[in-house]
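S.K.: Below are the structure tokens for one structure; questions will follow.
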Amino acid sequence: MSFYRNAVWFVKGLQEYTKGGYETAAKHFVAGDLDVNLSGRDFMITGANSGIGKATAFEIAKKGGTVHLVCRNKDRAEEARREIVEQSDNQNVHVHLLDMSCPRRVWEFAQSFQENHSLHVLINNAGCMVNPRELTEEGLEKNFATNTLGTFILTTALIPALKKSNDPRVVTVSSGGMLVQKLNVDDLQFEKGTFDGTMAYAQNKRQQVILTERWAAQHKEIHFSSMHPGWADTPAVRSAMPDFHEKMKDRLRTEAQGADTVLWLAVSASAPKHPSGLFFQDRKAVSTHLPLAASRSTPANEERLEAELEQLSQKFMPHPQ
């Protein structure tokens, strides 16, 4: 079955996820959707020093929004900030240093951020695809710690701040790669069988889509969405998937094309007219499963995913001083 899923997915990708796919979809975009003034609105973007995160940050800054870049690497983050400020002529761009794979630090950051800032839109963009299997200093598998647990903690910890704002939104940058994975709650940290970083990443991205659906049902005041940016030519793709990049480089999207739907979900008036909790590709809500792919999970397993993340995240919650 997984061979079928992979084959169907790749054919779909060649048609839809490439630069050509974007250009076809863009013919149906509503031209004025991104003509918005974002002054007075606060945006947090994780993994914002390159690729899709940086492209999104730049567009938001250009439209007058206040941007909080959450990054791991100080020099690259400062460099990105300088570029964004220079090109957008917007000084309201701030750097916050955080390693998303360290759950305790994610908690601490979210708590201190809320004491000093308001937040209208959270964009969960940071991600990693680490191969071979690697553990963090807390003993967590690195992909899971960053992509799933880090995203879970940051989002749940910032929900109170979001609820205080007008038109609050959470956009999670998932991946079409999640279509080849069925949720596996029995092995969240990939301890069984042969480890494959690409499949670990795809499993994490499936988990993000499920969490988005669950959060949407629980927190009606916030508009949640997840999305697939398509196959874009970013530093992350170049370093994590060099063979894929080499084969596909002439057909990959630009960073701005990959960021388009992130931006649309974060800023347009059209996006929240869609129900909360959906998965988007090129400004359209799309199915979270391939046809006949047997990738659906049971509600009980989805509930278990959230319960296990909740339990694990509590272990790292800093005790009140």
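S.K.: At R0 = 30 Å, how high is the FRET efficiency between residue 249 and residue 85 if r is their beta carbon distance? Nearest 0.05 is fine.
M.R.: 0.50
S.K.: What distance in nm separates the two pseudo spin-label positions at residue 28 and residue 10, each 7 Å out from Cα along the beta-carbon direction?
M.R.: That separation, rounded to one decimal, is 2.7 nm.
S.K.: Given (i) 26, 25, 20; (ii) 33, 22, 20; (iii) 29, 22, 20, which label gives semi-axes √(5λ) of the Cα gyration tensor in Å as computed from the coordinates?
M.R.: Working out semi-axes √(5λ) of the Cα gyration tensor in Å from the coordinates points to (i).
S.K.: Of 11, 188, 145, which is farthest towards the positive pole of the chain's charge dipole, taken about the Cα centre with +1 and -1 on the beta-carbons of Lys, Arg and Asp, Glu respectively?
M.R.: Positive-most Cα among the choices belongs to 11.
S.K.: What whole-number value in Å² describes the accessible area per residue of the range 229-274 for a 1.4 Å probe?
M.R.: Per residue, the range 229-274 has 45 Å² of solvent-accessible surface.
S.K.: For the chain, what does the relative contact order come out to in percent, with C-alpha contacts under 8 Å and a separation of six or more?
M.R.: Once normalised by length, the contact order is 22 percent.
S.K.: Using the Kirkwood radius built from alpha carbon pairs, what does the Stokes-Einstein equation give as D for the range 60-131 at 20 °C and 1.002 mPa s, in µm² per second?
M.R.: Result for D is 160 µm²/s.
S.K.: Tell me the label-point distance for the pair residue 314, residue 166, using the 7 Å Cα-to-Cβ offset, in nm and rounded to one decimal.
M.R.: Once both label points are built, they end up 3.8 nm from each other.
S.K.: Something else about it: I need the calculated FRET efficiency for the pair residue 256 and residue 75, taking r as the beta carbon distance and R₀ as 22 Å, to the nearest 0.05.
M.R.: Working: r = 24 Å, r/R0 = 1.08.
It comes to 0.40.
S.K.: Now for a different question. Counting pairs of alpha carbon atoms under 8 Å apart in space and at least six apart in sequence, what relative contact order in percent does the range 1-154 give?
M.R.: In percent, rounded to a whole number, it is 21.
S.K.: Which stretch or stretches of the range 74-103 have amide N atoms under 13 Å from the point lying 7 Å from residue 116's Cα along the Cα→Cβ direction?
M.R.: Answer for this model: 94-98.
S.K.: For the ranges 92-101, 64-73, what's the packing order if you count other beta-carbon atoms within 10 Å of each residue, average per peptide, and put the highest first?
M.R.: Working: 92-101: 19.3, 64-73: 22.3.
Result, highest mean Cβ count within 10 Å first: 64-73, 92-101.
S.K.: For the range 235-321, which whole percent of the accessible surface, found with a 1.4 angstrom probe, sits on carbon and sulfur atoms? Walk me through the numbers before you get to the answer.
M.R.: Values: 2730 of 4830 Å².
Answer for the range 235-321: carbon and sulfur cover 57 percent of the accessible area.
S.K.: Express in whole angstrom the spacing between the alpha-carbon centres of the range 8-41 and the range 141-194.
M.R.: The range 8-41 and the range 141-194 have Cα centres spaced 23 Å from each other.
S.K.: Hey, can you rank 294-304, 142-152 by average C-beta count inside 10 Å, highest first?
M.R.: Numbers: 294-304: 13.3, 142-152: 26.1.
Sorting 294-304, 142-152 by mean packing, highest first, produces 142-152, 294-304.
The values are calculated or read from the model by the stated rules, or taken from the named source; none is laboratory data. Worth saying up front: this structure is predicted, and the values here are computed from it rather than measured. Every residue, glycine among them, receives a Cβ derived from its backbone with ideal geometry; neighbour counts consider all protein chains shown. Surface areas here come from the heavy atoms of the whole protein model, side chains and all, with no ligands, DNA or RNA. Shrake-Rupley method; radii C 1.70, N 1.55, O 1.52, S 1.80 Å.
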